[in-house]
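None of the figures in this text is laboratory data; all of them are computed from the coordinates on show. None of these values were measured; they are calculated from a predicted model. Note: ideal-geometry Cβ built from the backbone for every residue, glycine included; neighbour counts use all protein chains shown.
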């Protein structure tokens with residue numbers, strides 16, 4: 001409790017109530033555990049540059065509520081960790097998409113009534129991301145962050161480190177620079193290799209494999225790395241296409257489409273040429289959703305389980321059991337190969 005910026009001197013909320021809220025937050029987040037002694041009134045007043053009377057009022061109120069107990073000559077101790085306080089969570093994402101919505105819905109449903117969740121979108125922009133963090137440091141119990149930026153840069157690392165570590169949960173991406181943080185992550189390079197290995201026999205009938213990977217949409221470059229490694233290892237002729245056009249779509253070749261926009265253009269092209277997916281060309285789309293089961297008599301997909309990511313992230317917070325978990329990833333075979 002040495003963070004001066006946790007008390008807002010300009011706020012209309014009385015300072016003793018801010019101290020109460022701060023202690024409740026620290027109990028809810030597991031910083032203070034059941035039976036643990038918390039800093040004394042004098043220590044807290046010195047750390048926060050507040051009067052002793054202000055801090056004492058907060059401690060007394062928490063004792064009356066049964067959250068704290070006082071032991072004569074020793075200090076104040078946590079009496080119970082179920083404070084009844086509703087958690088405030090900031091979910092910070094790079095963009096809106098179908099799979100982000102799935103993740104969000106699963107996260108919200110798992111948290112239930114125990115949290116209020118606000119969504120912030122930074123559009124891959126590090127400056128916007130930094131602004132979201134700096135403006136909200138005092139306002140949330142947890143920050144759930146999906147870190148994807150316009151360039152593979154470590155610039156976001158010091159921004160994230162501004163947040164107390166016990167309040168941060170990284171989702172969707174593992175960063176070596178933040179390897180000590182809890183995370184639910186995808187292994188983009190290994191995941192695509194695993195999925196393509198499952199599809200190997202079906203892919204062998206095509207003369208070439210193509211990855212449509214739009215640079216402007218800032219997907220993880222590890223997808224390209226994994227695709228290239230698979231093709232080289234299994235001796236496939238291959239190419240990586242930035243902005244795929246109808247001229248890039250050729251018979252007897254297979255395509256891995258990362259973007260749904262590319263998928264819809266691709267299907268439109270097949271219809272105009274009267275080609276059939278799975279016969280004239282092969283198609284694999286990233287990120288499963290119910291529509292892809294219906295398109296072209298079934299589009300094969302490679303996808304992580306976005307519902308599971310959201311659920312696992314929420315369960316970590318609810319159980320205060322923070323660890324590093326790899327998200328499950330699967331290949332769903334349909335008629336497009």
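Some observations on this one:
- Largest mean-square fluctuation among 56, 12, 187, in a Gaussian network model of the chain whose springs join Cα atoms under 10 Å apart, belongs to 12.
- Computing FRET efficiency as 1/(1 + (r/R0)^6) for residue 81 and residue 119, where r is the C-beta to C-beta distance and R0 is 35 Å, gives about 0.80.
- Against the chain, whose longest principal axis is taken from its Cα atoms, helix 126-136 shows a tilt of about 30°.
- Relative contact order computed over segment 4-78 (Cα-Cα under 8 Å; 6+ residues apart), in percent: 34 percent
- Prolate/oblate/rounded label for segment 188-304 (Cα gyration tensor, a/c 1.5): rounded
- Shape of segment 67-225, Cα gyration tensor, a/c cut at 1.5: prolate
- Contour minus Cα-Cα distance for residue 37 and residue 261 (0.36 nm per residue): 75.0 nm
- Kirkwood Rh, Cα atoms: Rg over Rh of segment 4-78: 0.94
- Computed from the alpha carbon positions, the gyration tensor of segment 48-149 leads to an equivalent ellipsoid with semi-axes of 37, 18, 9 Å, biggest first.
- Model label points for residue 239 and residue 295, set 7 angstrom from Cα along the Cα-to-Cβ axis, are 2.1 nm apart.
- Value of relative contact order over the chain, rounded to a whole percent, pairs C-alpha under 8 Å and six or more apart: 15 percent
- Two-decimal ratio, segment 241-337, of alpha-carbon radius of gyration to 2.2 N^0.38 Å: 1.34
- Here the mean projected area of the convex hull built on the C-alpha positions of the chain is 19.1 nm².
- Protection proxy ranking of 288-295, 303-310, 259-266 - average other beta-carbon atoms within 10 Å, highest first: 303-310, 259-266, 288-295
- Helix 98-111 and the longest principal axis of the C-alpha atoms of the chain enclose an angle of approximately 30°.
- Counting beta carbons within 10 Å around each of 269, 231 and listing the fewest first gives the order 269, 231.
- Calculated [θ] (222 nm, deg cm²/dmol) that DSSP helices of n ≥ 4 give over the chain, each run adding -39,500 (n - 2.57): -11000 deg cm²/dmol
- Sites residue 276 and residue 105, calculated FRET efficiency, Cβ-Cβ separation with R0 41 Å, nearest 0.05: 0.75
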